[in-house]
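> The structure that follows is given in the form of structure tokens.
The values are calculated or read from the model by the stated rules, or taken from the named source; none is laboratory data. Here the structure is a predicted model, which is why all the values come from computation and not from measurement. Glycine gets a Cβ as well: all are built from the backbone with ideal geometry, and neighbour counts include every protein chain shown.
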Amino acid sequence: MKFGHFTANQAILEAVLDNRNIHVIDFDINEGLQSFPLLKTFLSGVTNRLSPKLVVLVEEEVYNFEKIPSMSFVEFFCEAIHHYTALSEALSADGIGGMGLEMMEKEVLGVRIVNSLREFPCGASEKLEWGDGFESLQRLFKARAFSHYNVSQANYLVSLFSGGYWVQHERNRLALCWKSRPLVTASIWLPKCGRKRKK
């Protein structure tokens, strides 16, 4: 959560540095997580109507927008097992154990696992909707590279935790990894040139 917060906030601060008036839209955020129906709505429709100056997308890697439309449920299920296993290992390594880990598994991880399996787009129309959401983002926006300061800040934040964490920076994406596995990925999107923004 901290990785997502700090990365997104730094990108927003850099984007609005010279603006006197800014509008930040909160889609009923709970600890920075919107897990999935609200995000689908935003990418497929709201983006066009609001014409935002900047979109910061922070994805839990198991919900990778580029991979999901072409995955079968079995492939997603296997991916989810590896993802949540790595997440559990990371939490254990951070010193969360006993009752704390049990509570985290019951109230956070358990809910996420159930929701991710329930929300996987099994039908052709659902997969199309998911794919259309990401395609609309790519059609209207272009990926922007992270600033040197944003990457340095992410590396510093990760250094405060146990040694299994590290930051992967490639192709305009910044990922928080545990050992060899990305857990959370952030990307910044700006309106494409020539696109008129509403006032």
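> Quick check on my filter: what residues within segment 146-156 are in contact (Cβ under 8 Å) with a residue 40 or more places away in the chain and either loosely packed, with under 15 Cβ neighbours inside 10 Å or over 17 Å from the mean Cα position of the chain (by Cα) (or both)?
Matches in segment 146-156: SER147, TYR149, GLN153.
> For the structure I just gave you, tell me whether VAL46 is at pLDDT 85 or above and of a type in the set (A, V, I, L, M, F, W, C).
no
> Further question: I'd like to verify a number: residues in segment 50-87 that are surrounded by fewer than 16 Cβ atoms within 10 Å (Cβ to Cβ), more than 26 Å from PHE146 (Cα to Cα) and modelled with pLDDT under 85, how many?
1
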